[in-house]
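This report concerns only the one structure given below.
Here, each number is a calculation from the coordinates, and none is a lab measurement. Keep in mind that this is a model prediction, so the values were computed, not measured.
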Amino acid sequence: MDFNRPEAHHHLSLIDASRLAGTSEETVRRWCINLGIGELLAGAWCVDPDRLQGVIDARRILGRAAA
C-alpha cells in the first residue's frame with residue numbers, strides 16, 4: 001500500500017475489519033494472507049474495505065465455511 005495515495009487512509013485495522021465481518025481477528029488475518037484482502041505494513045494489517053466486503057458477500061452467498 002502506498003500511503004501517498006489519497007485512498008490509502010480508507011483501509012481498516014484488523015480489529016475494525018473483524019468487527020465488520022463478525023468474525024475473529026485471526027480469521028481476517030488469514031483472509032489477508034490467503035485471499036489478499038490486506039497488507040502487513042509496519043507490523044499492522046491494513047485491510048481493504050472493498051475486498052473485505054467481497055469476502056463477506058461471498059460467505060453470505062456460499063455459506064460461512066466458504067472462506
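For SER24 and ALA44, calculate 0.36 nm times their separation in residues minus their Cα-Cα distance, and state this gained length in nm to one decimal. If you can, show how the numbers build up before the last one.
Details: separation 20, 0.36 × 20 = 7.20 nm, distance 1.57 nm.
Stretched fully, the SER24-ALA44 segment lengthens by 5.6 nm.
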In order through segment 29-44: 3J(HN,Hα) via Karplus (6.51 cos²θ - 1.76 cosθ + 1.60), integer Hz, x for Gly, Pro: 4, 5, 5, 4, 6, 7, 10, x, 8, x, 10, 8, 10, 6, x, 10
P(r) tail fraction, segment 22-67 - alpha-carbon pairs more than 12 Å apart, %: 60
